[in-house]
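What follows is a set of notes on a single structure, which appears directly below.
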Number of protein chains: 2
Amino acid sequence: MVVKRKSRQSGVQFTEDTADLVAERFRALAEPMRLRLLNALRPRARSVGELVGLTGTSQANVSKHLQLLYKQGFVDREKDGTTIYYRIADPMVFEMCDLVCDGIQQDLDARRARLNPER
Amino acid sequence: MVVKRKSRQSGVQFTEDTADLVAERFRALAEPMRLRLLNALRPRARSVGELVGLTGTSQANVSKHLQLLYKQGFVDREKDGTTIYYRIADPMVFEMCDLVCDGIQQDLDARRARLNPER
DNA sequence: TGATTATATTACTATATGGTTGTAAAACGA
DNA sequence: TCGTTTTACAACCATATAGTAATATAATCA
């Protein structure tokens, strides 16, 4: 069954509280190490130890970032003995990254065009 | 003419430098006042003074946030006398906000389901 | 039980940044 | 020219947070 996601398309009003909530979500993605963790989880679920190896940062640091991503609902986790596997909770996060990447590209193009007008 | 946006769909690899760039973009959106400014620009371009009135914060603060949004390519500006009009540079930013809002909703639903299993 | 492994947590430091205050710059009007 | 209006900028402070070091917790194994 295909679940149709009802998108709000800016139907509702944007209160200050809404701004706080949305900003909090964006903040979770506004950190290079967390983006690298999410990217490492792209192909499959991974243990904390794997993520430490893949990112090259400390175990405490990985754990801390994962807690934040978990609390924000970006990743899920599953326990197996002492090992804990983390996985992407919603691939929506990669749609957002793609949009950002597109934005970076477009911004570059626009700047280039401004420096080098007509031609 | 319709411009087809070529989306990278995760084709390229995600280096540390890429993570820094993407995080920087997200960081620009990870701030409630900047989100309120962008939202105020949604219907039309507005002067700095208008934005001060709409947000209720200081002129210096509005200006500072607008500089950051401008440098990141989220808004454009146009001068008319001493007045400067800012406008949304790419409505992509609202697509991202919509994705975040959907994420918040889904996360809420998921948490509710976890608290209230089967039923 | 005691040792080991895997993850989380706590306390701390250094840095980044949001908001304020005061001032500068630029365009306009009298 | 002088004053006014509009926006930008610089210096400052308070707070938030990324990373580290040390420790706690919990599960497994010998």
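The values are calculated or read from the model by the stated rules, or taken from the named source; none is laboratory data. The model shown is predicted, which means the values in this text are computed figures rather than measured ones. FYI the Cβ positions are ideal-geometry reconstructions off the backbone, even for glycines, and counts take in every protein chain you see. Note: areas computed on protein heavy atoms with side chains; ligands, DNA, RNA excluded. Shrake-Rupley method; radii C 1.70, N 1.55, O 1.52, S 1.80 Å.
Observations on the model:
- Nearest 10 degrees, 0 to 90: helix B:92-115 Cα axis against chain B principal axis: 30 degrees
- Mean separation of Cα pairs under 8 Å and 6 or more residues apart, divided by the residue count, gives chain B a relative contact order of 19 percent.
- Across peptide B:87-99, the mean count of Cβ atoms from other chains lying within 10 Å of each residue's own Cβ comes to 5.
- Annotation: aspartates and glutamates with alpha-carbon distance below 12 angstrom to A:Lys71 (same-chain offsets under eight excluded): A:Glu24, B:Asp107.
- Charging the Cβ of each Asp and Glu at -1 and of each Lys and Arg at +1, and nothing else, the dipole of the protein assembly as shown about its Cα centre rounds to 220 debye.
- Using heavy atoms of the protein chains and a probe of 1.4 Å, the accessible area assigned to A:Asp17 is about 110 Å².
- Point-charge dipole on Cβ atoms (K/R +1, D/E -1) for chain B, about Cα centre, debye to 20: 220 debye
- Residue (of B:Ala30, B:Ala40, B:Ile84) at the positive-pole extreme of the range B:18-90, dipole from beta-carbon charges: B:Ala40
- Neighbouring partner chain Cβ atoms per residue of A:106-112, average, 10 Å criterion: 3
- Under 13 Å from the Cα of A:Lys64 - aspartates and glutamates, other chains or at least 8 residues apart: A:Glu31
- Accessible area per residue, Å², the protein assembly as shown with all protein chains present, probe 1.4 Å: 60 Å²
- Total charge dipole magnitude, the range A:56-119, about the Cα centre, Cβ charges on Lys, Arg, Asp, Glu only, Debye to nearest 20: 300 debye
- Residue-averaged beta-carbon neighbours from other chains (10 angstrom radius) around B:29-42: 5
- Of A:Thr18, A:Thr55, A:Thr82, the one that fluctuates the most in a GNM where chain A has Cα springs shorter than 10 Å: A:Thr82
- Cα-based helix-to-principal-axis angle, B:59-71 vs chain B, degrees rounded to 10: 70 degrees
- Per-residue [θ]222 nm for chain B (sum of -39500 (n - 2.57) over DSSP H runs n ≥ 4, rounded to 500): -18500 deg cm²/dmol
- Residue of B:Leu35, B:Leu66, B:Leu99 that the Gaussian network model of chain B assigns the largest fluctuation, springs spanning Cα pairs under 10 Å: B:Leu99
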